[in-house]
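Asker: My questions will all concern the structure given below.
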Amino acid sequence: MDATELQAIAERNRAARKRIRLHCCTSSGCQASHSLLLKQGLEAAVQAAGLQDEVDVAGVGCMGFCGQGPLVEVDPDGLLFEYVTPDDAPAIVAALSGGDAPGVARGNLRHPFFARQQLVVRRNGGKIDPERIDEYITAGGYQALARALHDMTPADVVDTITRSGLRGRGGAGYPTGLKWATVAKAAGERKFVVCNGDEGDPGAFMDRSILESDPHSVLEGMAIAAYAVGASQGFLYVRGEYPLAIQRLQKAIQHAKKYDLLGTQILDTAFNFRVDIRIGAGAFVCGEETALMASIEGRRGQPRPRPPYPAEHGLWGCPTLINNVETFANIAPIISNGADWYASIGTAKSKGTKVFALTGNIRNNGLIEVPMGTTLREIVEELGGGAPDGATVKAVQTGGPSGGCIPAHLFDTPVDYESLAAVGSIMGSGGMVVMDDQTDMVDVAAFYMAFCMDESCGKCIPCRVGTVQMHRLLKKIAAGNATSADVALLKELCAMVKTTSLCGLGQSAPNPVLSTLTYFPEEYESRLRPR
Amino acid sequence: MQRARLATIWLGGCSGCHMSLLDMDEWLFELAQHVEVVYSPLVDIKEYPDGVDIALVEGAIANEDHLHLIRQARERTRTLIAFGDCAVTGNVTALRNLFGTPDDLLRKVYAAGAPDGPVPREAGVVPVLTQTVTPVHAVVPVEHYLPGCPPDAGAIRAAISEALQVSAIETQRK
Amino acid sequence: MSVRTLSINGQQVSAPAEATVLEAARDAGITIPTLCHLDGLSDVGACRLCLVEITGSNKLQPACHTRVAEGMEVQTETPRLQQYRRMVVELLFAERNHVCAVCVANGHCELQNLARALGMYHVRFDYLSPTCAVDITHSRFGIDHNRCVLCARCVRACDEVEGVHTWDIAGRGVASRVISDLDQPWGESTSCTACGKCVLACPTGAIFRRGVTVGEMERDSAKIRFIVEARNQRW
């Protein structure tokens, strides 16, 4: 396999395309609403209408508008159908030859929800069949890997990533190029590349969607990274709660190996790269990189103090590059389109786009990808359409249990790493939970604290016991049994847990409390009883 | 010289701390020069008086009577000293928390082996147990903590002396 | 042996390049409180008591897990550190059932000593009062989980010094428990050699020798270090 063969596959595939493609979403969300049955129904309806030579039915990845699923899109007509049931299949097929599909809800692809997005990571979502490598190749897939291997030195690749300004999409926003350079420079015969797919924030499903919708984009990113840093072994750590993602990744790895895009002598070069999947067993803390590595090594998934950082002392003591799913999915487009192109998107310090899972009290639920620097107001009001049923939006929680609640009066805050930190939240991995005026902020804080308390690994004392005590104090406040002394103690404990915990889980666990205390103090104070 | 008004309170504890208080032996005579005992299990006064300067509180909060008395004491006392481990931490008295709710506990104690057996619950006769046993400071603010099970006589003497000096200064200021 | 010069609480200290801040401080007679650290065992940085402030770092660093560096400026006793340490001990006392009055280790307990040394006189948090098991299935030893602080010193002593790894930790958060083998009763453990190193390593009364009275509960945890050093310095 070389680059010309890749192109040949793409051309063959393009030539075999029929006039019309029905894109039927087969991601987890839509599958839960019977989209597999729907797909079969569409295939049967196409047969019944005698259109099998003209119409293809493709099971595709996520289109993003998850709250309105299952979704069916007609390519190239640009028709979108929402809330489709298997029974609607004949009507949709009938509508292909002009006319209506009575009784089937019609979506609008020019709706701001779609129109305001800029797709880099989710470029293939809803367009290709994630289980067919040929479709990825047809969409330009693996060309970036070919370019890196044939036309660039590892140092060129690192330099391109550095100049692109890409920062880690796992939450902390560490400059990706810098990390790659550190691993590339680190001494060691063996090096590893690890993809962190242990997405676990409540309400976050960006990485699941990427893995389900476009697994090859992640594999290609990993392979390019391995070439750049000098690694020959990769691990994809995916949480066990994502069975469809795991199944599609397994298939993708198999297909890529068959095409010599993974394995030995990749694309007829001396570059070897093997990828294995490791399945998480349900611990949120394994998303923390040192705990994740312990888990891959077969040990108890607990973090250890850093330094040393994985870049120098990672898996089995070897230099290890760890990036998350979305970061890797950004790599191929950067190599293909160049660092300058990528750096032209976003803000001065936060480049590119970011995928968010927009959930909660919001009209348009789903996945969106917008340039960095888009304001919360644009996301919530324009793309999200505001709160349903005439309610007003009160706050947005970004960054999951590690993040904070941002009140509506700060919605002009642009979404980038520094601006979100400045208002007491974090970018996080991209969960965005919208809350309306009926939401009780003390309850919200207690909810996230319960999550952290359950997920604390128990190694360090501040997180193990501190989260339980913070939760108790929050429950006491919510029940109206607390005094001002309890609030003072809660604040003191928050500061202590934040400052002294061993890993990010504990260090960020107080954030939902601190941000709600800052922005909604009256919700706490109004419930206190005199001591 | 005006003597300070001292109270000692016996809540959910074994009275060992009070025994340790008596272990101060001859210093008790000196103490008597400086304080007037206005309320204590050691004297026969039924009602917690007003204007107490210092109160030593032995025992944890285990029932409604304790709650009532400690709240009253808090209102009428300048300096509360949590006296001994039960008052400071809950200690042995709080071990009952491991057996669940008061109802679980009473069943375990009075009706073990006889699931339908009687459990003493006569209102106004036996004090109602609180949901959990807590240290004193979980219910009312406490000024000082004197740990030990029991605190030894020397420590009690030091604590009282200190409190008396502070009390004298505060009384002068008034 | 290369040497690094640093300052701890304003005092000039020199230490071998591979020394930790904790070792450098102790050599200089400066006490930093610890709980999960035990000489002779690997360091895990879990108890957070030895956190220190280092000029130029916005994060507190565990002294047991931080190497000395030339020109490093370390503060070990700032008001903030003292406050956090007291809270760590407070949280531990609230977590399980540490009732000193009825504990075999009363008077010989590192947790109790820490409370005293750090001035932790009372616990402001709710006591969690969990129901924890006591395992006395072993003929010579017992483990009372009510008194366990999850420092994992027993786990490391068993794994790193005795080499059998009978102990490990199961569960997570406050539900974590030290377990023997695959969560069998200690007496049924097939890996345990009954060497008693876990008893030496335990800072509280959680792991104890059976039939020993409170007055006899003294344990010499320095023996762990002695064993490790004797093994490494054989000639």
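Asker: Can you tell me which of A:Ala204, A:Ala187 is under 14 Å from the mean Cα position of the chain (by Cα), among the hydrophobic types (A, V, I, L, M, F, W, C) and assigned by TED's automatic domain parsing to the domain that holds A:Met293? Explain how you work it out, then say what you get.
Answerer: On the way: A:Ala187 fails: under 14 Å from the mean Cα position of the chain (by Cα).
Unique residue meeting the criteria: A:Ala204.
Asker: Can you tell me which residue within segment A:475-489, out of those that are part of a helix (DSSP H, G or I) and under 16 Å from A:Glu522 (Cβ atoms), is farthest from the other protein chains (Cβ to nearest Cβ)? Break it down stepwise before answering.
Answerer: Step one: filter segment A:475-489 for residues part of a helix (DSSP H, G or I), giving A:475-478, A:484-489.
With the extra rule that they be under 16 Å from A:Glu522 (Cβ atoms), the set shrinks to A:477-478, A:484, A:487.
Numbers: A:Ile477: 13, A:Ala478: 15, A:Ser484: 12, A:Val487: 13 Å.
Within segment A:475-489, the match that is farthest from the other protein chains (Cβ to nearest Cβ) is A:Ala478.
Asker: Within segment B:17-39, count every residue that is out of contact with any strand residue (DSSP E or B) (no Cβ under 8 Å at 6 or more places or on another chain), part of a helix (DSSP H, G or I) and more than 22 Å from B:Ala168 (Cβ to Cβ).
Answerer: 3
Asker: A further question on this structure: Test A:Ala226 against the stated conditions and say whether it is in contact with a Ser or Thr (Cβ under 9 Å, 6 or more places away or on another chain) and open to solvent by less than 10 Å² (accessible area, probe 1.4 Å). Working first, answer last.
Answerer: Working: in contact with a Ser or Thr (Cβ under 9 Å, 6 or more places away or on another chain): yes; open to solvent by less than 10 Å² (accessible area, probe 1.4 Å): yes.
So A:Ala226 passes the test.
Asker: Going through A:Glu326, A:Glu289, A:Glu297 one at a time, which residue ends up being open to solvent by less than 40 Å² (accessible area, probe 1.4 Å) and either closer than 24 Å to C:Ser176 by Cα or out of contact with any helix residue (DSSP H, G or I) (no Cβ under 9 Å at 6 or more places or on another chain) (or both)? Outline the logic, then answer.
Answerer: Numbers: A:Glu326 fails: either closer than 24 Å to C:Ser176 by Cα or out of contact with any helix residue (DSSP H, G or I) (no Cβ under 9 Å at 6 or more places or on another chain) (or both); A:Glu297 fails: open to solvent by less than 40 Å² (accessible area, probe 1.4 Å).
Step by step, each of A:Glu326, A:Glu289, A:Glu297 is checked, and only A:Glu289 is open to solvent by less than 40 Å² (accessible area, probe 1.4 Å) and either closer than 24 Å to C:Ser176 by Cα or out of contact with any helix residue (DSSP H, G or I) (no Cβ under 9 Å at 6 or more places or on another chain) (or both).
Asker: For segment C:126-139, which residues satisfy the criterion of being facing chain B (nearest Cβ under 10 Å) and either within 21 Å of C:Ala46 (Cα to Cα) or among the hydroxyl-bearing types (Ser, Thr, Tyr) (or both)? Steps first, answer last, please.
Answerer: Narrowing segment C:126-139 to residues facing chain B (nearest Cβ under 10 Å): C:126-132.
Passing the criteria: C:Tyr127, C:Leu128, C:Ser129, C:Thr131.
Asker: I would also like to ask the following. Quick check: anything in segment A:106-117 within 23 Å of the chain's Cα centre (by Cα), surrounded by 18 or more Cβ atoms within 10 Å (Cβ to Cβ) and touching a residue at least 60 places away in the same chain (Cβ under 8 Å)?
Answerer: Filtering segment A:106-117 down to residues within 23 Å of the chain's Cα centre (by Cα) leaves A:109, A:111-117.
Adding the requirement that they be surrounded by 18 or more Cβ atoms within 10 Å (Cβ to Cβ) leaves A:113-114, A:117.
With touching a residue at least 60 places away in the same chain (Cβ under 8 Å) added as a condition, the list becomes A:113, A:117.
There is at least one residue in segment A:106-117 that is within 23 Å of the chain's Cα centre (by Cα), surrounded by 18 or more Cβ atoms within 10 Å (Cβ to Cβ) and touching a residue at least 60 places away in the same chain (Cβ under 8 Å).
Asker: A further question follows. Quick one: which helices (runs of 4 or more DSSP H) lie wholly within segment A:71-150 and hold at least 1 residues that are modelled with pLDDT of 95 or more?
Answerer: Because the criterion is at least 1 residues that are modelled with pLDDT of 95 or more, the helices (runs of 4 or more DSSP H) in segment A:71-150 that meet it are A:133-138.
Asker: Sticking with this structure for a sec: Starting from segment B:1-27, keep only residues that are of a type in the set (Phe, Trp, Tyr), then list their pairs with residues that are open to solvent by 90 Å² or more (accessible area, probe 1.4 Å) whose Cβ atoms are within a distance under 6 Å, requiring at least 6 positions of separation or different chains.
Answerer: Here the result reads B:Trp27/B:Arg157, each pair linking segment B:1-27 to a residue that is open to solvent by 90 Å² or more (accessible area, probe 1.4 Å).
Asker: Quickly run through segment B:122-161 and pick out the residues that are surrounded by 12 or more Cβ atoms within 10 Å (Cβ to Cβ) and closer than 14 Å to B:Arg78 by Cα.
Answerer: Listed by number, the residues that qualify are B:Val140, B:Val142, B:Glu143, B:His144, B:Ile160.
Asker: Cβ-Cβ below 7 Å, separation at least six or inter-chain, first residue in segment A:415-440 and in the same structural domain as A:Gly404 (by TED's automatic domain parsing), second open to solvent by 40 Å² or more (accessible area, probe 1.4 Å) and in a helix (DSSP H, G or I): which pairs?
Answerer: Within 7 Å, the pairs are A:Val423/A:Leu410; A:Gly424/A:Leu514; A:Gly424/A:Thr518.
Quick grid of which residues meet (1) farther than 28 Å from A:Ile246 by Cα; (2) among the small types (Gly, Ala, Ser); (3) touching a residue at least 12 places away in the same chain (Cβ under 8 Å); (4) open to solvent by 40 Å² or more (accessible area, probe 1.4 Å):
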{"site": "A:Asp2", "(1), (2), (3), (4)": "no, no, yes, yes"}
{"site": "A:Gln40", "(1), (2), (3), (4)": "no, no, yes, yes"}
{"site": "A:Glu43", "(1), (2), (3), (4)": "no, no, yes, yes"}
{"site": "A:Gly69", "(1), (2), (3), (4)": "no, yes, yes, no"}
{"site": "A:Leu96", "(1), (2), (3), (4)": "yes, no, yes, no"}
{"site": "A:Gly99", "(1), (2), (3), (4)": "yes, yes, no, yes"}
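Asker: Among the residues of segment A:183-201, which ones are in a loop (DSSP other than H, G, I, E, B) and among the small types (Gly, Ala, Ser)?
Answerer: Going residue by residue through segment A:183-201, those that are in a loop (DSSP other than H, G, I, E, B) are A:186-191, A:198-201.
A:Ala186, A:Ala187, A:Gly188, A:Gly200 - these are the residues of segment A:183-201 that are in a loop (DSSP other than H, G, I, E, B) and among the small types (Gly, Ala, Ser).
Asker: If we keep just the residues of segment C:40-96 that are among the acidic types (Asp, Glu) and in contact with a Lys or Arg (Cβ under 7 Å, 6 or more places away or on another chain), which is nearest to C:Lys197 (Cα to Cα)?
Answerer: Going residue by residue through segment C:40-96, those that are among the acidic types (Asp, Glu) are C:43, C:53, C:70, C:73, C:77, C:90, C:95.
From the residues that got through so far, the ones that are in contact with a Lys or Arg (Cβ under 7 Å, 6 or more places away or on another chain) too are C:70, C:90.
Details: C:Glu70: 37, C:Glu90: 28 Å.
In this case the residue turns out to be C:Glu90.
Asker: Oh, and also: So which of A:Arg248, A:Arg274 ends up being under 27 Å from A:Ser209 (Cα atoms), open to solvent by 30 Å² or more (accessible area, probe 1.4 Å) and more than 14 Å from chain C (Cβ to nearest Cβ)? Steps first, please.
Answerer: Values: A:Arg248 fails: open to solvent by 30 Å² or more (accessible area, probe 1.4 Å).
Among A:Arg248, A:Arg274, only A:Arg274 is under 27 Å from A:Ser209 (Cα atoms), open to solvent by 30 Å² or more (accessible area, probe 1.4 Å) and more than 14 Å from chain C (Cβ to nearest Cβ).
Asker: Further question on the same structure: If a residue must be within 13 Å of chain A (Cβ to nearest Cβ) and either of a type in the set (Gly, Ala, Ser) or open to solvent by 30 Å² or more (accessible area, probe 1.4 Å) (or both), how many such residues does segment C:45-62 contain? Steps first, please.
Answerer: Our first condition is that a residue be within 13 Å of chain A (Cβ to nearest Cβ); within segment C:45-62, this holds for C:45-54, C:57-62.
Adding the requirement that they be either of a type in the set (Gly, Ala, Ser) or open to solvent by 30 Å² or more (accessible area, probe 1.4 Å) (or both) leaves C:45-46, C:53, C:57-59, C:61.
The qualifying residues number 7.
Asker: Now a separate question. Among helices (runs of 4 or more DSSP H) lying entirely in segment B:40-142, which contain 2 or more residues that are within 14 Å of chain C (Cβ to nearest Cβ) and not aliphatic (A, V, I, L, M)? Working first, answer last.
Answerer: Values: elements: B:64-76, B:85-89, B:102-110.
So the answer is B:85-89, B:102-110.
Asker: Filter segment C:85-118 down to the residues that are within 24 Å of C:Leu60 (Cα to Cα) and open to solvent by 20 Å² or more (accessible area, probe 1.4 Å), then identify the one that is nearest to the other protein chains (Cβ to nearest Cβ).
Answerer: Among those that are within 24 Å of C:Leu60 (Cα to Cα) and open to solvent by 20 Å² or more (accessible area, probe 1.4 Å), it is C:Phe93.
Asker: Quick one: what pairs do we get from segment C:1-21, first residue under 8 Å from C:Val68 (Cα atoms) and open to solvent by less than 20 Å² (accessible area, probe 1.4 Å), second part of a strand (DSSP E or B) and acidic (Asp, Glu), C-beta under 9 Å, 6+ apart or different chains?
Answerer: Every condition considered, the pairs that remain are C:Leu6/C:Glu73.
Asker: Could you pull out the residue among A:Ala172, A:Ala155, A:Ala204 that is surrounded by fewer than 21 Cβ atoms within 10 Å (Cβ to Cβ), aliphatic (A, V, I, L, M) and not in a helix (DSSP H, G or I)?
Answerer: Values: A:Ala155 fails: not in a helix (DSSP H, G or I); A:Ala204 fails: surrounded by fewer than 21 Cβ atoms within 10 Å (Cβ to Cβ).
Matching residue, one of A:Ala172, A:Ala155, A:Ala204: A:Ala172.
Asker: Continuing with this model, one more query. Looking only at residues in segment A:450-473 that are more than 8 Å from chain C (Cβ to nearest Cβ) and more than 19 Å from A:Tyr524 (Cα to Cα), which one is surrounded by the fewest Cβ atoms within 10 Å (Cβ to Cβ)?
Answerer: Looking at residues that are more than 8 Å from chain C (Cβ to nearest Cβ) and more than 19 Å from A:Tyr524 (Cα to Cα), I get A:Phe451.
Asker: Which condition breaks for C:Ala25 when tested against (1) part of a loop (DSSP other than H, G, I, E, B); (2) out of contact with any Leu (no Cβ under 9 Å at 6 or more places or on another chain); (3) buried (at least 22 other Cβ atoms within 10 Å of the Cβ)?
Answerer: (1)
The values are calculated or read from the model by the stated rules, or taken from the named source; none is laboratory data. Predicted, not measured: the structure shown is a model, and the values here were computed from it. Virtual Cβ from ideal backbone geometry, glycine too; neighbours counted across all protein chains shown. Note: accessible area is taken over every heavy atom of the protein model, side chains too, but ligands, DNA and RNA are not part of it. Shrake-Rupley method; radii C 1.70, N 1.55, O 1.52, S 1.80 Å.
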